[in-house]
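K.L.:
My structure is below; once you've seen it, I'll send some questions.
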Amino acid sequence: MKLKIDKLIVAKKKFNSRLIVGTGKYKNMNECAKAIKISGADIVTVAVRRVNISNKKKPLLMDYIDPKKITYLPNTAGCFNSEDALRTLRLAREIGGWKLVKLEVLGEKKNLFPDMIETLKSTEVLTKEGFKVMVYCNDDPLMAKRLENVGACAIMPLAAPIGSGLGIQNKINIKIMRNQTKLPLIIDAGLGQASDATIAMELGCDGVLVNTAIAKAKKPFEMAKAFKNAVLAGRQSFLAGRIDKTIYGRASSPSKGII
């Protein structure tokens, strides 16, 4: 029996894949494009301040990843205040007409944690300007709710610091955030291996965003395939409904009719 595709819905748009892939840190654009194709991702993040999407004298990302087939998600990577983030996304809208965007406003350069005060302020401004804002944030349920209240279209809590590969460090808060919102909840940052993505999906998250774990793997193409499968398995496991936990053993065979 063929399983029905369980689509990801963000800002009323449907996507077949629940895996979002970044376009940075690869050896070259050919490697990036191939890894993304293998991953099956429908959405790729594009760091507007770092990836060439406008200078036709240099290699353009669009020459390798067709924006008609893959949804570009412009992001504000490298922004450390609200003003820079707002300017970056307004520029993205001018260049490509993009309104679905990913906002991240970082607080410091060592751990790259988000500055939630600047993030909240930026989200409110952008939503009023008509942007559909997917927001990178701390794993803080209270702040996540505030982002939802000012109009975010998706909540994207970190699993761990960007690029750390540590995996999900605070499952309880992620679960609380899942229970308190109907918005898409997408784990963003800190995943290191495919099993991390499975855990995120089994917690009830709607998707995961991965860049470093694929781009810097010893075999990026194999890791892209592994993440693709891991997201599918985790989502299926969540929908299937796990058994209740117990501290006692339970026989797997029937207790009645024993000879």
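K.L.:
So, Leu209, is that one closer than 22 Å to Val101 by Cα, out of contact with any Pro (no Cβ under 9 Å at 6 or more places or on another chain), without any contact (Cβ under 8 Å) to a residue 60 or more places away in the chain and surrounded by 18 or more Cβ atoms within 10 Å (Cβ to Cβ) or not?
P.N.:
Taking the combined requirement at face value, the residue does not satisfy it.
K.L.:
Within the stretch 84-157, considering only strands (runs of 3 or more DSSP E) that don't extend past its boundaries, which have at least 2 residues that are in contact with a Pro (Cβ under 8 Å, 6 or more places away or on another chain) and at positive phi?
P.N.:
none
K.L.:
So, Ile38, is that one hydrophobic (A, V, I, L, M, F, W, C), at pLDDT 95 or above and closer than 13 Å to Val208 by Cα or not?
P.N.:
No: the conditions fail for Ile38.
K.L.:
Check Thr45 against each of (1) in contact (Cβ under 8 Å) with a residue 12 or more places away in the chain; (2) on the phi < 0 side of the Ramachandran plot; (3) part of a loop (DSSP other than H, G, I, E, B) and name the one condition it does not meet.
P.N.:
(3)
K.L.:
Can you pull out every residue in the stretch 107-117 that is under 21 Å from Ala152 (Cβ atoms), in contact (Cβ under 8 Å) with a residue 24 or more places away in the chain and out of contact with any Cys (no Cβ under 7 Å at 6 or more places or on another chain)?
P.N.:
Gly107, Leu112, Phe113, Asp115
K.L.:
Continuing with the same structure: Considering every residue within the stretch 82-90, establish whether at least one is under 17 Å from Met143 (Cβ atoms), in contact with a helix residue (DSSP H, G or I) (Cβ under 8 Å, 6 or more places away or on another chain) and not aliphatic (A, V, I, L, M).
P.N.:
yes
K.L.:
To continue, here is another question. So which residues in the stretch 92-120 are surrounded by fewer than 16 Cβ atoms within 10 Å (Cβ to Cβ), aliphatic (A, V, I, L, M) and under 29 Å from Asp42 (Cβ atoms), if there are any at all?
P.N.:
Within the stretch 92-120, just Ile95 meets the criteria.
The values are calculated or read from the model by the stated rules, or taken from the named source; none is laboratory data. Remember, it's a predicted structure, so these values are computed and weren't measured experimentally. Using ideal geometry, Cβ is built from the backbone for each residue, glycine included, and neighbour counts are taken over all protein chains shown.
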